[in-house]
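These notes concern the structure reproduced below.
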């Protein structure tokens, strides 16, 4: 075969390859890209909803470790101004039944309702009707001024506000345990010595209820050691007592 014939054959095969490649992209590649794009869009549009669903599922678990993870996720989403998360967090706060819980819950519901989230508006009207209701306005105003600024400062990373809320919820009954732990953890992670001490001790106590949670035991030791390094005598005593 002459060189000219070889070149002609090569060009023909190349042309067929290009045509076939374009046809393949038309039939499969574009659909695949479209599906990928649609999936990415669905993920982008549905991340908050999926996150809220996961948070609620974890919060409804019987395991305290799961509940803590669920609350951490829900608070993070609410701080990102996701109305469904604000609504769910408002419900959880309100269910505590304490002054702090009711005040913070009311605020979260109002913030979700202000974004047009209808379930929040309905629940807010149910809890706080315009006339009557179980919560006197003067009491609500006092509690709002006391606790909502703390909640906002804690959400913005103020470790003292986080510690104060953690302290408050410790005294607020068993139902507030995971709220207390979450706020103490946030303060402890920012180097608050008393928060490290209290958080470490409570993690150790919880590890007795869930002995399979080795991570919790190690975390308890870690936070107590951090507190001891900052001069917390009680933390050093606790480390000795529990054998660390």
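Within region 118-136, identify whether any single residue is over 20 Å from residue 51 (Cβ atoms) and surrounded by 20 or more Cβ atoms within 10 Å (Cβ to Cβ), and answer yes or no. Yes, there is a match, as at least one residue in region 118-136 is over 20 Å from residue 51 (Cβ atoms) and surrounded by 20 or more Cβ atoms within 10 Å (Cβ to Cβ).
Scanning region 113-132 for residues being modelled with pLDDT of 95 or more and in a loop (DSSP other than H, G, I, E, B) gives a total of 3.
Here is a yes/no grid of residues against (1) in a helix (DSSP H, G or I); (2) on the phi < 0 side of the Ramachandran plot; (3) surrounded by fewer than 18 Cβ atoms within 10 Å (Cβ to Cβ); (4) modelled with pLDDT under 95:
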{"site": "55", "(1), (2), (3), (4)": "yes, yes, no, no"}
{"site": "62", "(1), (2), (3), (4)": "no, yes, yes, yes"}
{"site": "72", "(1), (2), (3), (4)": "yes, yes, yes, no"}
{"site": "75", "(1), (2), (3), (4)": "yes, yes, no, no"}
{"site": "84", "(1), (2), (3), (4)": "yes, yes, no, no"}
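Do we have any residue at all in region 38-51 that's under 30 Å from residue 167 (Cβ atoms) and either surrounded by 11 or more Cβ atoms within 10 Å (Cβ to Cβ) or at pLDDT below 90 (or both)? So that I can check it myself, show each step before the final result.
Narrowing region 38-51 to residues under 30 Å from residue 167 (Cβ atoms): 51.
If we keep only those that are either surrounded by 11 or more Cβ atoms within 10 Å (Cβ to Cβ) or at pLDDT below 90 (or both) too, we end up with 51.
So far as region 38-51 goes, yes, one or more of its residues are under 30 Å from residue 167 (Cβ atoms) and either surrounded by 11 or more Cβ atoms within 10 Å (Cβ to Cβ) or at pLDDT below 90 (or both).
Restricting attention to region 232-244, the residues being in contact (Cβ under 8 Å) with a residue 24 or more places away in the chain and either under 23 Å from residue 165 (Cα atoms) or part of a helix (DSSP H, G or I) (or both) number 4. For residue 221, the stated conditions do not hold, so it cannot be described as within 21 Å of residue 69 (Cβ to Cβ) and under 21 Å from the mean Cα position of the chain (by Cα).
Annotation note: of 63, 68, 111, the sole residue that is more than 20 Å from residue 169 (Cβ to Cβ) and touching a residue at least 12 places away in the same chain (Cβ under 8 Å) is 111.
The values are calculated or read from the model by the stated rules, or taken from the named source; none is laboratory data. All of these numbers come straight from a predicted model, not from anything done at the bench. Positions of Cβ are generated from backbone atoms using ideal geometry, with glycine treated the same way; all protein chains shown enter the neighbour counts.
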